[in-house]
Number of protein chains: 2
Amino acid sequence: MREVRATQTQLAGFAARALTAVGVPAADAAIVGGLMAEAEMLGAYAHGLYRLDRYIRMIRGGAINPRARVCVVRETAATALIDGDDGLGHLVMDLAVSVGVGKARNSGAAWVGTFNSNHAGAAGVYTRKAAQHGMAAIYGAVGNANVLPPWGGIEPLLSTNPMSIAVPSASGDPVALDMATTAGSFGKIRAAAERGESIPPGWVLGPDGQDITDPRRAGEGYLAPIGGAKGYGLALMIGLLAGPLNGAVLGREVVDFNVDHGTRTNTGQFLCLISLEALGSSAVITERVAAVAGQFRESAPMSGHDHVRLPGDASNERQRENLANGVLLPGSLVSDLDRLAGELDVAPVDSS
Amino acid sequence: MREVRATQTQLAGFAARALTAVGVPAADAAIVGGLMAEAEMLGAYAHGLYRLDRYIRMIRGGAINPRARVCVVRETAATALIDGDDGLGHLVMDLAVSVGVGKARNSGAAWVGTFNSNHAGAAGVYTRKAAQHGMAAIYGAVGNANVLPPWGGIEPLLSTNPMSIAVPSASGDPVALDMATTAGSFGKIRAAAERGESIPPGWVLGPDGQDITDPRRAGEGYLAPIGGAKGYGLALMIGLLAGPLNGAVLGREVVDFNVDHGTRTNTGQFLCLISLEALGSSAVITERVAAVAGQFRESAPMSGHDHVRLPGDASNERQRENLANGVLLPGSLVSDLDRLAGELDVAPVDSS
């Protein structure tokens, strides 16, 4: 298998070509391709080009509408409700960011909800965009496959419902958290199984509530939330804010996009934006954030750690490295993208 | 030691008498007493009357200003920044709720930040108030004692930074999460030590990063966040949104109110409110929330659990029970309150 080192432009261009080939208008395909490439640059590889094949299957299967007309259907000075028209989630969130930034600039803060949306890739991409506009932001979404039972239950009624919070800092890069509300993830469990390692207690619980630490037996249990009942509560509250508040699904109506490419998902997201200027001088506030960040980074590390990091530091570093050197795509991904290029009759990822 | 079964009115009245005796104006003391009694009714005993002695010490020591003039010092259509004038945190948050509800009613959503505030008791009290006004709400605060090191670090730079999220439901009681971002708490560790039990892995980490499970050795380590790096990230982001965004402290400047009753804390909080009516019909949305809640409650329990609960269910049940029968105050608390009554020359908690 060949490996490819690809630039952000190459990645965005390939995704756009592939999406255009299945009927997405060129302007929309360029937006989605750009956001997928940004996720890849941040090192959110599970939300980058890796997802392209799935999105294309969902367009071909009918779950995603390639020619969606994403629009605001209800609004106030500080809120907007966006109907995604079953389009690509990136397009829906792209509108959410621009509408939200505009409203927060005028009103000080904004809350944007979405429905009839779809998987939008890496949560951190959207809160980081808000941070670039001098705003703090909170994002939450209903995930697209139920894998997490309520605490004390065994029916998986929740997804990994992710959350991202970003705050601008005078040091340049924002402090930016991007996390799922489950302790582990299927990706990490698969990786442990491939390496023959065990998984930590607290990642997978069996139907009896006992930890499963053999990754090959993970299928017998369920993903566990961070912090037990607390993480379950957080996953549910994120789900309520992103789903039922907007008329999007949560619970049994969630469609598993791993197996069903034909049913519209009615995914929901929310984005909350706070203009720093509404609370004070943006320059002063971002200096305060940078000062606190400095305290943390310079604080004493635990033995076995070389230094203390802040949420987002790892992504900031990968982004700098990937922008400078391109992303090294693993052979398995390149082979998938090459197959896709062949099927869609478009130039491969490294053609230009 | 005598036990006392006290009504909400008795609890609120006693707290108000005690606060008035140390110089808090009667109207303010009534507000604070009422909010402390509400926390007690919800079963948030660690944030109810138990805290009264601490607040009074802080007033006497000079950390809390009994005659604070809490006011909005900066505002936009959807935001407000409140200067707490070093007053009781309950007063500051009481204003935050009323200002926020008004703004969210007019603008659809609101974000309120506070500084020069103090410990405000139970987080859930404030988000539940918003829910009574037909609003979803998110609350976060910088806690008043640093107990949590950053992940990979050993200097406690964070408090248990709590978070509450509430969403109104057609079934009456809201779905309401109220959680600290640490896995365990000193209260639960002390209780385990008294019972001679061990504490679960993941609650306390030693300086070497290894779990400490003997509660008597907890002092050798640090509280651990939920979900490792994720909970650390969440505690920090809540802290940034509640602290530096508002000009309140975070990190090394946090004053430990357990040992210092003379230094003003400059505590910060945030409250985000979303009017359901801005997103759709409030009646339809709360019916959707109740339907999802019903799916969860009726889903199959894990062996060892009798049924699945939602965030806030336990508090809702305790509230109903406590409103009907009064709260049974443990002897140790009654003896503290009696001592306080004697010192301040006010009638004891069960005098009326």
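Couple of notes before you dig in:
- In angstrom, the C-alpha Rg and Dmax of the protein assembly as shown are 25.3, 87.
- Each residue in A:H47, B:H305 was given a count of other beta-carbon atoms within 10 angstrom of its own, and listing them fewest first yields B:H305, A:H47.
- Across peptide B:298-311, the mean count of Cβ atoms from other chains lying within 10 Å of each residue's own Cβ comes to 6.
- Percentage of interatomic Cα-Cα distances in region B:183-224 larger than 11 Å: 54
- In region A:1-76, trypsin sites (Lys or Arg not before Pro) in a DSSP loop with at most 14 other beta-carbon atoms within 10 Å: A:R2, A:R67, A:R69
- By the count of other C-beta atoms within 10 Å, a proxy for reagent exposure, B:I56, B:I189 are ordered fewest to most as B:I189, B:I56.
- J(HN,Hα) series, region A:45-50, from Karplus relation 6.51 cos²θ - 1.76 cosθ + 1.60, nearest Hz, glycine and proline x: 4, 6, 10, x, 4, 3
- Using Cβ point charges alone (K and R +1, D and E -1), the dipole size of chain A about the Cα centre works out to roughly 380 debye.
- Less than 5 angstrom separates the built amide H of A:G87 from those of A:N65, all sequence-distant by 5 or more or on a different chain.
- Positive contributions from Lys and Arg (+1) and negative ones from Asp and Glu (-1), summed over other residues with Cβ under 12 Å from the Cβ of A:V70, come out at -3.
- Shielding of peptide B:173-182 by partners, expressed as the average count of other chain Cβ atoms within 10 Å per residue Cβ, is 3.
- Region A:289-349 versus region B:196-247: alpha-carbon centroid distance in Å: 27
- Highest-fluctuation residue, A:A170, A:A44, A:A248 considered, GNM on chain A with Cα pairs under 10 Å: A:A170
- Residue mean of other protein chain beta carbons inside 10 Å, A:242-254: 5
- Cα-centre dipole for region A:183-224 with unit charges at Cβ (Lys and Arg positive, Asp and Glu negative), debye to 20: 180
- Taking θ as phi - 60° and the Karplus parameters 6.51, -1.76 and 1.60, the scalar couplings of region A:145-150 work out to 7, 7, 10, 10, x, x Hz in sequence order, x denoting glycine and proline.
- Taking Cα centre as origin and charging only the Cβ of basic (Lys, Arg, +1) and acidic (Asp, Glu, -1) residues, the dipole magnitude of region B:214-352 rounds to 520 debye.
- As a rough footprinting exposure proxy, the listed residues A:V167, B:V254, A:V346 were ranked by other beta carbons within 10 Å of their own, and the order from fewest upward is A:V346, B:V254, A:V167.
- Karplus-derived 3J(HN,Hα) values for region A:224-237, using 6.51 cos²θ - 1.76 cosθ + 1.60 with θ = phi - 60°, are 9, x, 5, x, x, 4, 5, x, 4, x, 5, 4, 5, 5 Hz; glycine and proline are entered as x.
- A simple count of charges around A:S117, restricted to other residues whose Cβ falls under 12 Å of its Cβ and scoring Lys, Arg +1 and Asp, Glu -1, yields -3.
- Proximal aspartates and glutamates to A:K129, defined as alpha-carbon separation beneath 13 angstrom and excluding residues fewer than eight positions away on the same chain: A:E38, A:D94, A:D173
- Farthest positive-ward along chain B dipole, Cα basis, beta-carbon charges - from B:A80, B:A130, B:P168: B:A80
- When the P(r) is computed for region A:130-226, the part past 24 Å accounts for 35% of the Cα-Cα pairs.
- Most fluctuating residue given options A:K103, A:K188, A:K129, as computed from a GNM of chain A linking Cα atoms under 10 Å: A:K188
- Spatial separation of Cα centroids for region A:114-183 and region B:29-80, in angstrom: 32
- Fluctuation leader among A:A16, A:A341, A:A300 - chain A, Gaussian network, Cα springs under 10 angstrom: A:A300
- Residue-count net charge about B:P156 - beta-carbon cut-off 12 Å; Lys, Arg +1, Asp, Glu -1: -1
- Each of B:F186, B:Q210, B:G221 was placed along the dipole of region B:183-224 (beta-carbon charges, centred on the mean Cα), and the one lying farthest toward the positive end is B:F186.
- Cut-off under 5 Å, modelled amide H: who pairs with A:L158 long-range: A:V147, A:L148
Computed from the coordinates by the stated procedures, all read-outs in this text should not be read as laboratory data. Since we're looking at a predicted model, the values are computed, not measured. When we count neighbours, we look across all protein chains shown, and the Cβ atoms used for this are built from the backbone with ideal geometry, even at glycine.
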